[in-house]
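Note sheet for the following structure.
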Amino acid sequence: MLACRLGRRSGVRLLFRGTASDREILDLAAEADILVGGRPDAEILRSAERAILFLHTHAGADHLIDLFRQTGRKRPLPLATTHGNAEAVAQHAVALLLTLANRIVVEHNRVVSGAGRFTAPGASSTPLHGRRIGLLGWGAVSRRVYRMLTGWDVEISILRRAWDGADPPAGVRPFTPSGLEEFLRQADVLIAAVPLTASTRGLVGSRELRLLGPEGLLINVGRGPVIDQAALYTALKEKWIAGAAIDVWYTGLSGIRDALYDHPFHELENVVLSPYRAGAMADDGPLWDEVAKSLDKVVSEGVGAIQVVDLERGY
């Protein structure tokens, strides 16, 4: 946990769980104007009575919503998020798309098993040239995915919660949730990077997956439950869609296979499994650069200058 003081006595102190006692952490929280961290507990938040902000070091905050709604504090503590790993997540999304389209995992496993140098029947790469790519969400990750894909000969559509007068990039077809069916019907590659909220949970189910069609590809780097688990497994097994590459799952973060999902996705050949590692970076510098920029904005412009989570909306 990182704690900051503002004003003439400003400064930063850093404590790590495991090296600091619970008492030290609670005392630090009580002194702080801003807390920075990943998974605070209710006791820390109650101790931080003078704090004006908790800055989460990643974009996804769905696991913190209930905690911050029920802190037991005299006044609510604003929760804000950062996007320091957005570039890494976007890179991983594109890598998953290419891995899936080129059947790299299948061919790797064939070579390891001694099958020889020739491609298996039906295992040729799927050309992305001329594909219609739908970006589900238009946050920091999708914007970077869009930038990475614009050099290719593809058509891109974007669905976001509301455009609110904002103009989409040139040549892009804009959609809102009311147009989800048309958005999916005209896409054959869906890249999902939306937060998990009451309105996005189960957003893509059996009907929506069928709209992608038998040549459709799905990439999910947002949150697992945005795509209905049973519907996704059936869509892959029954070939409603051609394949999926998934980095976000359903039942845990432990890294143990059986804790990630309830259906045997690992038995399917048309899926690429990635264990919640899209945001993992060899260098955490970009993440902490983003934290520093956010803190600077708070000091100079106030809490409203950064991305504060709407606890009712869930993002």
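Structural remarks
- In the range 179-217, residue farthest from Leu100 (Cα to Cα) [restricted to those that are of a type in the set (Ser, Thr, Tyr) and over 15 Å from the mean Cα position of the chain (by Cα)]: Ser199
- Taking the numbered list (1) within 22 Å of His92 (Cα to Cα); (2) assigned to a loop (DSSP other than H, G, I, E, B); (3) among the small types (Gly, Ala, Ser) in turn, Ala170 passes all entries but (1).
- Criterion (in contact with a strand residue (DSSP E or B) (Cβ under 9 Å, 6 or more places away or on another chain) and among the charged types (D, E, K, R)) met by exactly one of Arg147, Arg73, Arg131: Arg131
- The residues of the range 187-197 that are assigned to a loop (DSSP other than H, G, I, E, B) and under 17 Å from Thr176 (Cβ atoms), listed by number, are Ala187, Ala193, Val194, Pro195, Thr197.
- Subset of the range 80-102 [hydrophobic (A, V, I, L, M, F, W, C) and over 17 Å from Arg223 (Cβ atoms)]: Ala80, Val94, Ala95, Leu97, Leu98, Leu100, Ala101
- Leading residue by the ranking (nearest to the chain's Cα centre (by Cα)) among those in the range 134-155 that are β-branched (Val, Ile, Thr) and closer than 21 Å to Gly60 by Cα: Val141
- Restricted to the range 218-240, and to residues there that are touching a Lys or Arg at 6+ places or on another chain (Cβ under 8 Å) and buried (at least 20 other Cβ atoms within 10 Å of the Cβ), the residue that is nearest to Ala90 (Cα to Cα) is Val226.
- Test: residue in the range 90-111 that is of a type outside the set (Val, Ile, Thr), modelled with pLDDT under 85 and in a loop (DSSP other than H, G, I, E, B): no
- Residue that is surrounded by 12 or more Cβ atoms within 10 Å (Cβ to Cβ) and over 18 Å from Val226 (Cβ atoms), where the choices are Thr81, Thr71: Thr71
- If you go through the range 269-278 and keep only what is farther than 10 Å from Ala244 by Cα and of a type in the set (A, V, I, L, M, F, W, C), you end up with just Ala278.
The values are calculated or read from the model by the stated rules, or taken from the named source; none is laboratory data. It should be emphasised that the depicted structure is a prediction, and the values quoted were computed from it without experimental measurement. Note: ideal-geometry Cβ built from the backbone for every residue, glycine included; neighbour counts use all protein chains shown.
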